[in-house]
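Presented below is the structure to which this report refers.
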Amino acid sequence: MIERLFEWLDKSTCNFLAVETITEELKKNNFIELRQNDNWTIKPGGKYFMVKNGSAVFAFTIGAGRKCFKDGVRIIAAHSDSPCFKIKPNPEIYGDGGVVSLNVEKYGGGIMYSWFDRPLSMSGRLTLRGKDAMHPENIIFDLKRPVATIPHLAIHFNREVNDGNKLSVQKDMKPVIGYFSDDEIRRAKANKGILLNILAKDNGVAVDDILNYEISLYPCFKAQRTGILGEYFQSGRIDDLSMAFAGLEALLSVKDESAEHLRMLAVFDNEETGSGTKQGAASPVLRDLLRRINECLGGSNEDFYVGIANSFMISADDAHAWNPNYNEKYDPTNHPVIGGGPVIKINSNCKYMTDSVGASIFKTLCENSGVRCQMFVNHSDVAGGSTLGNILTSQLDLKGVDVGAAIWAMHSAVETAGVSDHEDMVKVFTTFWKQED
């Protein structure tokens, strides 16, 4: 299982490729794709998925009874995006000796220091000319090789660097892609720039056909075990792809087992920037999808409301593990450790959707799975962030709980998690979808 997770993480170097990885696995397992702009036919006992914007995906199985929506939906929600640097339009910045850097923008709240002096590659989406202005075409790509680095200033020029050094994205975080001759630069400037020519060549398209792009930088770091006993694993994008892939693993394991309720894996995009997009958790995309499923199954409005009342959601977004170097940053009695099992996330100011009912349900699911669970509460003097759970409840009045696996260095270019925690989370998710009402 953990090797499969590593394979999926390595393939999913941006949000678009994460969704592509998930949909490839769904198709292998006979899930049928539904497109929003088509008429749908949904049958009891069927397996389906819908993709939104190429960066969010919703996979679900239909219970055997025709009125299965009234029995509710069991949702596991996660997100496809992670903090990174994204390349701006007209990105080339030319320097002495023909050195070319790229103008980038920070996406989400990443630990910028962790990106220095690493080999970086690029992946994302190219939007090309289509048959007409209203129908452009998209290509999802990954260069799969180191093409850039963000060089740190030597300590000799900043002796106080280890005492704290505020960083500017615009000044300090420009990735360097190489140096070019005057003639190469002159020709590139006359033909849409160096970057677009590289991307056009790599993807076998004409540079003039590239209308726009969404490109992320990522560290060329393969997911791998670490720790003296191999008990940890490290990778980019563990937050939150490890939870998305735990949900996928569990869904595939129960896909052919009968259930009265719907099972759904909902992987949203743009959680790291507030979820306020058409493919984000703050949009009506999930609510509209559930309404459409209900209508396709012949359900009434009343059936929809009954089904929502009978539903439960696990909002799965990784949690902060206790770091032995920073004990003072953690709550003294509620700080989860790596290897201690799934984490229930609690916040009295409602940053998470967890209440005593949701926490109790998840705790019981852990017990039924033979898995330990832990609690995370912020240090009372440290503000916490929100996640999918409380954002989604602004669209649907779902019961639920916020959970995650405990990880170190959340939002670093490379994060660390526990092998056993991932395996335990898959067990609990599987139990959740098997649990009878």
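The values are calculated or read from the model by the stated rules, or taken from the named source; none is laboratory data. Note that the structure is predicted; figures quoted are calculated from it, not measured. Don't worry about glycine lacking a Cβ; one is built from the backbone with ideal geometry, like all the others, and counts go over all protein chains shown. All accessible areas refer to the heavy atoms of the entire protein, side chains included, with ligands and DNA or RNA removed. Shrake-Rupley method; radii C 1.70, N 1.55, O 1.52, S 1.80 Å.
Answer with yes or no whether residue 363 is basic (Lys, Arg), surrounded by 21 or more Cβ atoms within 10 Å (Cβ to Cβ) and modelled with pLDDT of 95 or more.
On the way: basic (Lys, Arg): yes; surrounded by 21 or more Cβ atoms within 10 Å (Cβ to Cβ): no; modelled with pLDDT of 95 or more: yes.
Spelling it out, it is not the case that residue 363 is basic (Lys, Arg), surrounded by 21 or more Cβ atoms within 10 Å (Cβ to Cβ) and modelled with pLDDT of 95 or more.
It is to be established whether one or more residues within the range 10-21 are among the hydrophobic types (A, V, I, L, M, F, W, C), in contact with a strand residue (DSSP E or B) (Cβ under 9 Å, 6 or more places away or on another chain) and open to solvent by 20 Å² or more (accessible area, probe 1.4 Å). Please lay out each step first, then the result.
Here is the first cut: in the range 10-21, the residues among the hydrophobic types (A, V, I, L, M, F, W, C) are 14, 16-19.
In the following step, the residues that additionally are in contact with a strand residue (DSSP E or B) (Cβ under 9 Å, 6 or more places away or on another chain) were identified as 14, 16-19.
Next, from what is left, pick out any that are open to solvent by 20 Å² or more (accessible area, probe 1.4 Å): none.
No - not one qualifying residue is present in the range 10-21.
Hey, can you tell me all the residues within the range 205-226 that are open to solvent by 70 Å² or more (accessible area, probe 1.4 Å), modelled with pLDDT of 95 or more and not in a strand (DSSP E or B)?
If the condition is that a residue be open to solvent by 70 Å² or more (accessible area, probe 1.4 Å), modelled with pLDDT of 95 or more and not in a strand (DSSP E or B), then 222 is the only one that fits.
Which one of the conditions (1) in contact (Cβ under 8 Å) with a residue 60 or more places away in the chain; (2) in contact with a helix residue (DSSP H, G or I) (Cβ under 9 Å, 6 or more places away or on another chain) does residue 207 fail to meet, given that it meets all the rest?
(1) is the only condition that residue 207 fails.
Here are the criteria: (1) of a type in the set (A, V, I, L, M, F, W, C); (2) modelled with pLDDT of 95 or more; (3) over 25 Å from residue 127 (Cα atoms); (4) buried (at least 21 other Cβ atoms within 10 Å of the Cβ). Tell me which single one residue 229 does not satisfy.
Evaluating residue 229 over (1) of a type in the set (A, V, I, L, M, F, W, C); (2) modelled with pLDDT of 95 or more; (3) over 25 Å from residue 127 (Cα atoms); (4) buried (at least 21 other Cβ atoms within 10 Å of the Cβ) leaves (4) as the failure.
Are there any pairs, at least 6 apart or on different chains, whose C-beta atoms fall under 8 Å, with the first in the range 119-144 and over 24 Å from residue 176 (Cβ atoms) and the second outside any strand (DSSP E or B) and open to solvent by less than 10 Å² (accessible area, probe 1.4 Å), and if so, which?
140/16
Can you name the residue in the range 299-337 that is open to solvent by 30 Å² or more (accessible area, probe 1.4 Å) and among the aliphatic types (A, V, I, L, M) and is also farthest from residue 389 (Cα to Cα) among such residues?
Looking at residues that are open to solvent by 30 Å² or more (accessible area, probe 1.4 Å) and among the aliphatic types (A, V, I, L, M), I get 337.
Based on what the data block shows, is residue 318 modelled with pLDDT under 95, within 23 Å of residue 266 (Cβ to Cβ) and within 26 Å of the chain's Cα centre (by Cα)?
Numbers: modelled with pLDDT under 95: no; within 23 Å of residue 266 (Cβ to Cβ): yes; within 26 Å of the chain's Cα centre (by Cα): yes.
Considered against the rule, which asks whether it is modelled with pLDDT under 95, within 23 Å of residue 266 (Cβ to Cβ) and within 26 Å of the chain's Cα centre (by Cα), residue 318 comes out as no.
If residue 78 satisfies every condition in (1) over 22 Å from the mean Cα position of the chain (by Cα); (2) open to solvent by less than 20 Å² (accessible area, probe 1.4 Å); (3) under 30 Å from residue 295 (Cα atoms) but one, which is the exception?
(1)
Please find, within the range 22-45, the residue that is least open to solvent (accessible area, probe 1.4 Å) out of those that are without any contact (Cβ under 8 Å) to a residue 60 or more places away in the chain and among the β-branched types (Val, Ile, Thr).
Filtering first and then ranking leaves 23.
Among the residues of the range 176-204, which ones are surrounded by fewer than 18 Cβ atoms within 10 Å (Cβ to Cβ), part of a loop (DSSP other than H, G, I, E, B) and hydrophobic (A, V, I, L, M, F, W, C)?
Residue satisfying the conditions is 190 alone.
Among residues belonging to the range 252-284 that are part of a helix (DSSP H, G or I) and under 17 Å from the mean Cα position of the chain (by Cα), point out the one that is farthest from residue 6 (Cα to Cα).
The initial filter retains those residues of the range 252-284 that are part of a helix (DSSP H, G or I), namely 252-254, 271-273.
After this cut, where a residue has to be under 17 Å from the mean Cα position of the chain (by Cα) as well, the list is 271-273.
Working: 271: 22, 272: 22, 273: 26 Å.
Among them, the one singled out is 273.
Which one is nearest to residue 266 (Cα to Cα) among residues in the range 218-243 that are of a type in the set (A, V, I, L, M) and more than 15 Å from the chain's Cα centre (by Cα)? Steps first, answer last, please.
Within the range 218-243, the subset of a type in the set (A, V, I, L, M) is 223, 228-229, 238, 241, 243.
Narrowing the set further to residues that are more than 15 Å from the chain's Cα centre (by Cα) leaves 223, 228-229.
Details: 223: 24, 228: 35, 229: 34 Å.
Taking the candidates together, the pick is 223.
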